[in-house]
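The values are calculated or read from the model by the stated rules, or taken from the named source; none is laboratory data. In this text the structure is predicted, and so the values were computed from the model without any measurement. So basically every Cβ, Gly included, is an ideal-geometry build from the backbone, and we count neighbours across all protein chains shown. Note: areas computed on protein heavy atoms with side chains; ligands, DNA, RNA excluded. Shrake-Rupley method; radii C 1.70, N 1.55, O 1.52, S 1.80 Å.
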Amino acid sequence: MVLWSGCPRASTRVSYQVSFVFLDVVRKKTAQELYSNFVIFVFLHQVSSVVLKITAIFPLSLLERVSDLLRWQQRYPSFNLPWKQNSFPLFSDSSPLYHTLEKPEPLTPQEEHDLQLGQERLWKLSEKSVQANIPLTVDAENTAIQPAIDYLTYSAAIKYNKDDNPIVYGTIQAYLKDAKERLLLATKAADKMRVPMGFKVVRGAYMSRESKLASALGYDSPIHNSIQETHACYNDCASFMLEKIANRSDAVILATHNVESGRLAAKKALDLGIGRGNPKLEFAQLYGMSDSLSFGLSNAGFLVSKYMPYGPVDKVIPYLLRRAEENRGLLSTSSIDKELMRKELKRRLKAAIFRSES
């Protein structure tokens with residue numbers, strides 16, 4: 001699945017991000033079809049960013065295998081991975097490694113070939129993003145395959161993020177206990193290598209799956225123990241990235257439906273002198289959700305995008321359900337939006353009646 005970010009409406013300064021869920025995974029389409037679709041949409045629609053799910057261009061089984069090998073190397077640093085390229089740290093001391101309980105077999109020649117093919121797809125998309133000067137944000141998944149996703153994302157970022165202009169963005173899921181520490185380690189390594197880095201910060205979308213797997217293996221859940229801890233972690237990560245933007249060239253997309261998180265981030269940004277259309281800071285919400293937050297942030301001068309999933313129902317509904325689980329305040333926020341819309345409708349009706357009577 002690839003999410004494309006639509007062009008902004010001049011009157012609202014809110015861009016609409018459209019999620020195109022391909023009928024089949026991208027890796028089964030020809031490279032020419034993929035890149036032609038990318039170029040046509042990006043250049044004709046003047047999109048503000050592109051969001052990519054790595055599972056659309058890599059086999060899931062390969063991501064699991066690569067993640068197992070990366071976790072094993074984290075435990076045993078002398079474990080050799082001949083295919084591994086330069087990257088930022090993938091784990092912290094608190095990162096879950098219980099997915100890999102036994103030493104994994106090396107990648108087969110076919111798996112190494114498939115890994116190279118997938119990397120070339122990611123590089124091609126990154127190259128097109130550089131040419132269009134449009135960020136490419138790689139979405140996060142569950143912890144079973146996230147190490148491979150981070151590895152591929154960071155490797156591409158090192159290759160394509162140049163001249164104080166982050167193009168390839170990673171994603172941090174704040175509901176994970178190790179989120180803040182991994183963010184710190186990755187940005188520290190990027191600073192040392194003088195690589196500008198962008199991140200999208202989200203709460204997280206695989207809560208039930210993560211907790212059930214950890215429990216089945218006899219480990220503590222990698223998810224924060226309370227929603228308040230998740231909120232605190234999200235706000236801390238957002239604040240940290242805002243300070244990075246104020247001090248140098250990093251960038252962040254704050255994807256949230258939580259009004260308090262939006263308020264805190266906006267206040268912090270203004271206190272740091274960030275805002276008023278700064279391209280290194282963007283807020284994002286789902287299309288049709290938290291519109292009051294979206295337009296409030298836009299009216300305050302911030303760049304705001306609306307994610308608009310599009311595709312087959314069997315692909316889109318699970319995606320939306322994960323988004324709902326990611327933020328349990330989503331439905332109540334929608335109720336606020338509905339009440340505001342009712343008030344606006346009444347105001348417009350009264351205005352129309354007044355004009356007709358006069």
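Points worth noting:
- The stretch 15-311: antiparallel DSSP beta bridges as a percent of all, rounded to 5: 5
- Probe 1.4 Å - accessible area at Lys124, Å² to nearest ten: 70
- Under 21 Å of direct C-alpha separation, and excluding same-chain neighbours fewer than eight residues apart, Lys350 reaches these lysines: Lys338.
- Exposure of Leu293 as accessible area (Å², to 10), given a probe of 1.4 Å and all protein chains: 20
- Placing R0 at 22 angstrom, the Cβ-Cβ distance between Leu81 and Glu181 gives a FRET efficiency of 0.45 after rounding to 0.05.
- Peptides 255-261, 211-217, 96-102 ranked from most to least packed give 255-261, 96-102, 211-217, packing being the mean of other C-beta atoms within 10 angstrom over each peptide's residues.
- Note on the stretch 182-273: with neighbouring protein chains present and a 1.4 Å probe, carbon and sulfur make up 53 percent of its accessible heavy-atom surface.
- Fully extending the segment from Arg209 to Leu321, taken as 0.36 nm per residue of separation minus the present Cα-Cα distance, adds 39.0 nm.
- Here's how it looks for Phe283: its modeled amide H is under 5 Å from those of Leu254, Leu303, Val304, Ser305, which are all 5 or more places away or on a different chain.
- With all protein chains modelled, accessible area of Tyr234 [1.4 Å, Å²]: 0
- With a Förster radius of 22 Å applied to the beta-carbon distance between Lys124 and Asn247, the computed FRET efficiency rounds to 0.10.
- Neighbour cut-off at most 16 other Cβ (10 Å), DSSP loop, trypsin sites (Lys or Arg not before Pro), the stretch 164-210: Arg194
- Between Leu101 and Arg276, the FRET efficiency estimated from the beta carbon spacing at R0 = 35 angstrom works out to 0.10.
- Full extension of the chain between Lys346 and Val259 gives 28.9 nm of extra length, using 0.36 nm per residue less the Cα-Cα distance.
- Histogrammed with a bin width of 10 Å, the alpha carbon distances of the stretch 15-311 distribute as 6, 28, 36, 24, 6, 0 percent, first bin at zero.
- Per residue, the stretch 15-311 exposes 42 Å² of accessible surface when a 1.4 Å probe is rolled over the protein heavy atoms with every protein chain present.
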